[in-house]
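Engineer: Okay, handing you the structure first.
No value in this document is a laboratory result; all are computed from the given coordinates. Just so it is clear, the structure is predicted and the values come from calculations on it, not from any experiment. Using ideal geometry, Cβ is built from the backbone for each residue, glycine included, and neighbour counts are taken over all protein chains shown.
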């Protein structure tokens, strides 16, 4: 074992995550360089806070299984407030399952998990297919030769509609809710690092309070009504209920928006793989797994802090340090994946960690897989001539906290 104390200043990567301009269009070169230097190393984040990054595949899996990497933001703020990003003290961010450990995490996850069971996903498939068909019907009306933004017309409204229906968010509120979410993530460094972001988070908080009150007054057959009843039974406190509702809405749509958009660009950049998929749509489920590995929506995991000194990949990380597990880097680790920078839609043994690993494995993974399967199958069947309407070097990515995706993708459908 190599016992590596914090590296001297000259060996600490500075400005990590601070992609300027269009540098973030291809972060994988940066990830490969960092992984090649050391798969576990200290960094200074773009906003000046210290952290450690884990970029190797085996090291990432080890970190994600270690209970000494705690996720409770409230305890972290009490222990070492300077390593927590400004804005995380907002009540929306610190009281859901991704900010809980141990029994609290198990309780919160158990209450929500019924909405994402295998049986529930199977029952949901016809409704997802109907939403997809309706959206594609709208796109069908675009005249031949006229470009369309597939993000605005398809990849965004699909998961937003699905998660809104699951939670019981009224149709007339969804556009405003999306606008507020965009405001919360106004910068890639901090979710509430300025007045605009804080105001947007306050607006979401107030809206969710009103929505939950309406669910209590008139419960429906939706997940938010069920969670509100759990709060009434003292299985959730009010802050946990609000924070969980926030998490489900943002995680339930933004990740899938990015999965579909990033996957389409990956196919456009690998025309042989696109041709193979068009020829055999039964490959779509495996292709979705490869999209998740090759260019997944989540760049790194949410907040974790060491509760005591721990050793990952032979490197000792001191107590009370923030650790970012860069799953997007780990899923391109050549030590685990053959030709990791090549898209291979029928890649064998694709054990990616785009959904995480261990007790915090993404609860919404079955929903994302369902939406990805239906979306790609239906889109490629309906529009076999689908192709980009602009050179791919003109397609740019945006970062929202831990997420990376497209704001727009112009395509020709016919």
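Engineer: Between residue 414 and residue 123, what is the label-point separation in nm under the 7 Å Cα-to-beta-carbon projection?
Structural biologist: For residue 123 paired with residue 414, the spin-label model returns 4.1 nm.
Engineer: If packing is taken as the mean number of other Cβ atoms within 10 Å per residue, what is the order of 400-407, 126-133, highest first?
Structural biologist: So the peptides 400-407, 126-133, ranked by packing, come out 400-407, 126-133.
Engineer: What ranking, highest mean first, results for peptides 322-330, 210-218, 140-148 when packing means the other Cβ atoms within 10 Å averaged over each residue?
Structural biologist: 322-330, 210-218, 140-148
Engineer: Give me 317, 163, 310 ranked fewest to most by other Cβ atoms within 10 Å of their Cβ, as a rough exposure proxy.
Structural biologist: Ordered from fewest to most neighbouring Cβ atoms within 10 Å, 317, 163, 310 come out as 310, 163, 317.
Engineer: In percent, what relative contact order does the stretch 9-412 have, based on Cα pairs under 8 Å that are 6 or more apart in sequence?
Structural biologist: Computed over the stretch 9-412, the figure is 25 percent.
Engineer: Also, quick follow-up: Calculate for the chain the 222 nm mean residue ellipticity that helices alone would give, adding -39,500 (n - 2.57) per DSSP H run of length 4 or more and normalising by residue count, nearest 500 deg cm²/dmol.
Structural biologist: -15000 deg cm²/dmol
Engineer: What FRET efficiency comes out for the pair residue 206/residue 171, r = Cβ-Cβ distance, R0 = 22 Å, nearest 0.05?
Structural biologist: Once the sixth-power term is evaluated, E becomes 0.65.
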